[in-house]
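Visitor: Take a look at the following structure, please.
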Amino acid sequence: MEHFTIIQALCRAAMADASPALRKQVERLRDALAKDGEQKQAATLAGILTTAERTKELAPSRIERSRAQIFGEPLTRNTPVPVDRETSAPLADVMFPADIQSTPPLFNATVSQAIDTIIDEWVNFDALAEIDIRPSKTCLIYGVPGTGKTRLALWIAQQLDLPVVLVKLDGLVSSFLGTTARNIGNLFSFANRHRCVLLLDEFDAIAKVRDDPQEVGEIKRVVNALLQNLDIRRDVGFTIGITNHPKLLDTAVWRRFEVQLEIPKPDFEIRKAIAAHFMPPVKAPDSHLRLISWFTEGSTGAEIESLVRTYKKATTLRDEDKRGLLDTLRQFATLNAARVQSERRALLFDDPGTLFRAMRDDPILDFSMADIGEIAGKDKSTVSRQLGRVAKAGEGEVPNG
């Protein structure tokens with residue numbers, strides 16, 4: 001089935017809080033795919049249905065039992081968080097499940113399935129306990145900025161119905177000798193005392209390579225304090241670390257995390273799904289979504305969201321002069337040059353015929369002449385002439401003005 005990745009993501013999001021009627025439609029789609037010989041896709045939907053059923057079974061009793069495996073006092077909105085002794089600044093923010101978006105982030109099928117296993121381990125805590133295995137209690141999420149790492153970590157906590165103690169580790173660093181290590185100790189003591197997910201954002205701010213000759217002895221002591229506290233917390237609660245710079249992490253830090261999940265940049269179908277997700281209330285044609293996805297090759301979800309905002313503003317503010325999508329893309333590429341892949345940017349500002357040929361010949365776009373004309377704001381004959389001039393130029397003929 002074409003665009004199945006998007007359908008899969010929609011089904012997974014819908015099944016998070018599905019009515020019986022919606023579940024029935026997903027089951028019908030599963031059966032139809034199986035009948036058409038699409039066994040792999042049918043199996044994927046079957047897995048989504050099974051996971052949703054397990055989640056339904058676990059609420060509320062099995063969720064409560066799973067949460068009970070993270071020991072400590074309940075964390076409430078009135079619970080005071082620890083502060084830096086020198087500045088009185090809070091060392092963490094606390095977020096509760098009700099404050100976290102319940103829609104899962106959009107990732108490719110492989111990453112989504114890996115994330116599901118993390119949730120499933122906690123959902124099926126009792127089954128694992130019967131074979132003397134516990135769920136993974138430490139997870140390191142890494143990848144380039146803008147790929148949805150922090151949102152994913154918050155969503156995992158929301159699915160486990162646990163509050164999040166969110167820490168930006170660069171905020172723990174103090175200019176006062178010894179204060180940073182004390183801040184780390186106080187923070188972990190707080191998290192260990194309460195039932196929560198401890199989320200360590202910007203992990204590389206402290207967890208640096210200890211043998212770096214540029215680092216002073218203080219940072220080495222800080223890393224040692226961090227490692228010791230991570231070891232203690234393994235038997236207490238669930239900890240997630242996030243970093244944009246995995247190469248900066250000490251090898252000893254890597255060993256503290258049972259799950260090491262890399263979040264890649266989104267592929268074509270996921271980029272299109274991300275664009276569609278951020279597009280409402282504007283209704284964009286499918287050809288526009290496909291071109292946005294094609295144009296954002298190598299981009300992150302955050303960069304795609306930024307482009308969609310530009311598109312929505314152009315659609316709203318320039319409706320009267322009917323400026324096309326290509327003008328909007330050129331505007332975005334001019335204002336955000338560093339965010340756009342150089343090859344795609346060069347095509348935008350090249351001869352129109354060269355761009356049209358690239359759009360026509362790319363199998364993933366699968367554009368017709370009508371699609372190109374609609375996007376460029378030109379009729380099919382004009383598009384055809386410009387393509388013809390490029391073809392003649394490629395054969396050595398001089399194109400007519």
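The values are calculated or read from the model by the stated rules, or taken from the named source; none is laboratory data. Keep in mind that this is a model prediction, so the values were computed, not measured. Positions of Cβ are generated from backbone atoms using ideal geometry, with glycine treated the same way; all protein chains shown enter the neighbour counts.
Visitor: Out of W155, W122, I need the residue that is aromatic (F, W, Y) and touching a Leu at 6+ places or on another chain (Cβ under 7 Å). Which one?
Guide: Details: W155 fails: touching a Leu at 6+ places or on another chain (Cβ under 7 Å).
That would be W122, the only listed residue that is aromatic (F, W, Y) and touching a Leu at 6+ places or on another chain (Cβ under 7 Å).
Visitor: Does region 268-275 include one or more residues that are basic (K, R), in contact with a Leu (Cβ under 8 Å, 6 or more places away or on another chain) and not assigned by TED's automatic domain parsing to the domain that holds A157?
Guide: Within region 268-275, one or more residues are basic (K, R), in contact with a Leu (Cβ under 8 Å, 6 or more places away or on another chain) and not assigned by TED's automatic domain parsing to the domain that holds A157.
Visitor: A further question follows. Restricting attention to region 82-101, which residues are more than 28 Å from the chain's Cα centre (by Cα) and either in a loop (DSSP other than H, G, I, E, B) or buried (at least 16 other Cβ atoms within 10 Å of the Cβ) (or both)? Walk me through it before giving the result.
Guide: Pass one, region 82-101, residues more than 28 Å from the chain's Cα centre (by Cα): 82-89.
Result: P82, D84, R85, E86, T87, S88, A89.
Visitor: In addition: May I ask you to list the residues in region 340-359 that are touching a Phe, Trp or Tyr at 6+ places or on another chain (Cβ under 6 Å) and farther than 14 Å from E297 by Cβ?
Guide: Here is the first cut: in region 340-359, the ones touching a Phe, Trp or Tyr at 6+ places or on another chain (Cβ under 6 Å) are 344, 359.
Matches in region 340-359: none.
Let's see how each residue does on (1) polar (S, T, N, Q); (2) in contact with a helix residue (DSSP H, G or I) (Cβ under 7 Å, 6 or more places away or on another chain):
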{"site": "G301", "(1), (2)": "no, yes"}
{"site": "L317", "(1), (2)": "no, no"}
{"site": "S342", "(1), (2)": "yes, no"}
{"site": "L347", "(1), (2)": "no, yes"}
{"site": "T354", "(1), (2)": "yes, yes"}
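Visitor: Can you name every residue in region 102-113 that is touching a helix residue (DSSP H, G or I) at 6+ places or on another chain (Cβ under 8 Å), part of a helix (DSSP H, G or I) and over 15 Å from A16 (Cβ atoms)?
Guide: A109, Q113
Visitor: Somewhere in region 114-122, is a residue free of Cβ contacts under 8 Å to residues at least 40 places away in the same chain and part of a helix (DSSP H, G or I)? Let's see the steps before the verdict.
Guide: Step one: of region 114-122, the residues free of Cβ contacts under 8 Å to residues at least 40 places away in the same chain are 117, 121.
Filter once more, keeping what is part of a helix (DSSP H, G or I): 117, 121.
Yes, region 114-122 has at least one match.
Visitor: Taking region 110-144 on its own, how many of its residues are farther than 12 Å from T51 by Cα and surrounded by fewer than 18 Cβ atoms within 10 Å (Cβ to Cβ)?
Guide: Total meeting the criteria: 13.
Visitor: If you check T79 against the conditions, is it assigned to a loop (DSSP other than H, G, I, E, B), at pLDDT below 90 and in the same structural domain as L199 (by TED's automatic domain parsing)? Outline the logic, then answer.
Guide: On the way: assigned to a loop (DSSP other than H, G, I, E, B): yes; at pLDDT below 90: no; in the same structural domain as L199 (by TED's automatic domain parsing): yes.
Judged against the criteria, T79 is not a match.
Visitor: So which of L172, L152 is touching a Ser or Thr at 6+ places or on another chain (Cβ under 7 Å) and either on the phi > 0 side of the Ramachandran plot or touching a residue at least 60 places away in the same chain (Cβ under 8 Å) (or both)?
Guide: Details: L152 fails: touching a Ser or Thr at 6+ places or on another chain (Cβ under 7 Å).
Answer to the selection: L172.
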